[in-house]
């Protein structure tokens, strides 16, 4: 036994010695390679032992729903690109357009999603948002026809769903949370657009006040709360980095199961040849249905579920986030509401006295509507924070040296975190009023390029951005045709508390009042 203990101790000593030598050699090789590439070291932000102090401060900011302002403050203090140790590992943080262009486009092959697959797998499995390489390419190819111009331009289905939303707006001018309605609306429109049949969440027995009988997919009951819960845990798993596996409580597993049940409803219909299906009405025989294309590609129920959940996340959450932010900003800026409504009424008329038909093309004619959407996306991008991990030793263009203008060496396996929201609020890029809602800043503006990325950029740019903008524009026009006055109903002042898991939402909701002038409407 003594000889065994000695041998084990000797082996352990040799192992750790070998690791130290390996680390020293890697460090030497990295310095040599960085020098050959004209790279200079970035600023390193003080973070405490093993980065524990900085990690604690970040987790507290997340808990208090103020982590986006906290991140902005970090960039103001340490510059637009810097290094901060977290849990013993160096993380590179940037909000520099040139670095984002390299990571997302010009050096796309150098970077991947890192541990996102492991972090997100319990909910999203194998889909477009969790996969790299061939798996991602195949998923994107399947999805691309869904967002063709012909598909996006067909907005007939939106009208009925928006009418249902408007029916839930209080007619006595009392306050309500319009964000809750938007998330139900986009669940309805996304399931119809992507799967061929809506869950009709706005007309479920638990929510309707109309008394009108309607076919409702009861599988959605509890889905919204479960989907939000699951995404909260995904965010915490990402924060935990390599310790993500510690975050897997029963509440998370139960929420995932509820989410899977909703999509399994559609999977069963797609795979069962004897199922009663009404995916396509007679006028929609040529519509591309993502679910049907998936069912032709694979008969594996889990793969079908994974792909559908991935795209449902994008279709529901990002558009609801955009609409919620627009109405939050309009409620706090009544002059913008009045100006936008005037332009909408001049073009489309009111609900009772309509003029032009609302179409994909006619929506583009109201340029101020696009300015409002662009400005809301600038201040509150639905995905405000993201990351990529180096697949090999590589660089990013700027941030190194005393002047922060030299390239930075990025060793293989290193994660680069980038903040779109912080970049969108930089005063050197957007002017001294960067934190204010000013749609007029877009008048005559040239393309903002890589300093404006609400839909990401490069090969992984959002396929559904035109669909999201069209749906959001349609919803806004219909509401402005119906109501002539908006009021903020939230007594809180200052920046809203933001819940950002996979996508962004307003933590306290968006509480407003809407009034209509019956004579004018």
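Values quoted throughout were computed directly from the atomic coordinates according to the rules given, and no laboratory measurement underlies them. Remember, predicted model here, so these are calculated numbers, not experimental data. Reconstructed Cβ throughout: ideal geometry from the backbone, glycine too, with neighbour counts over all protein chains shown.
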### Query
What translational diffusion coefficient, in µm²/s and rounded to a whole number, does the Stokes-Einstein relation yield for segment 369-447 at 20 °C and a viscosity of 1.002 mPa s, taking the hydrodynamic radius as the Kirkwood radius over Cα pairs?
145
### Task
Could you give the C-alpha radius of gyration of segment 256-399 expressed as a fraction of 2.2 N^0.38 Å, taking N as the number of residues it contains?
1.48
### Summary
the chain: antiparallel bridges as % of DSSP beta bridges, rounded to 5, reads 80
### Query
Does anyone have the angle between helix 250-271 and the longest principal axis of the chain? Alpha-carbon axes, 0 to 90°, nearest 10?
60
### Query
Mean residue ellipticity at 222 nm from the helices of the chain, using -39,500 (n - 2.57) per DSSP H segment of n ≥ 4 over the full residue count, to the nearest 500 deg cm²/dmol?
-15500 deg cm²/dmol
## Note on the structure
Here the gain from full extension of residue 118 to residue 171, 0.36 nm per residue of separation minus their alpha-carbon distance, amounts to 14.4 nm
### Task
Could you state the orientation-averaged shadow area of the convex hull built on the Cα atoms of the chain, in nm² to one decimal?
29.1
### Query
What is the order of 462, 39, fewest Cβ neighbours within 10 Å to most?
462, 39
### Query
How many nm is it between the label spots at residue 29 and residue 295, if each spot is 7 Å from the Cα in line with the beta carbon?
5.1
### Query
Once both axes come from the Cα atoms, what is the angle between helix 334-348 and the longest principal axis of the chain, in degrees from 0 to 90, rounded to 10?
60
### Contour minus Cα-Cα distance for residue 251 and residue 268 (0.36 nm per residue)
3.6 nm
### Task
Treating the angle as unsigned and between 0 and 90°, give the value, to the nearest 10°, between the Cα long axis of helix 67-78 and the longest Cα principal axis of the chain.
50
### Summary
With the label point 7 Å along the Cα-to-beta-carbon line of residue 402 and a cut-off under 16 Å to each amide N, the hits in segment 37-53 are 40-44
### Message
Which of the three applies to segment 316-368, rounded, prolate or oblate, going by the alpha-carbon gyration tensor with a ≥ b ≥ c and a/c under 1.5 meaning rounded?
### Response
oblate
### Task
Can you tell me the FRET efficiency between residue 243 and residue 66 if r is taken as the Cβ-Cβ distance and R0 is 30 Å, rounded to the nearest 0.05?
0.80
### Message
Run the simple label-point estimate for residue 137 and residue 429 please: 7 Å along Cα→C-beta, distance reported in nm.
### Response
3.0
#### Entry: Label-reachable residues, segment 427-467, where backbone N falls under 20 Å from a point 7 Å from residue 108's Cα toward its Cβ
448-467
#### Entry: Computed over the chain: relative contact order in percent, which uses C-alpha pairs under 8 Å that are six or more apart
24
### Query
Say R0 is 30 Å: what FRET efficiency, to the nearest 0.05, do residue 445 and residue 356 get from their beta-carbon distance?
0.70
### Summary
Taking 0.36 nm per residue of separation between residue 148 and residue 90 and subtracting their Cα-Cα distance, the length gained on full extension comes to 16.7 nm
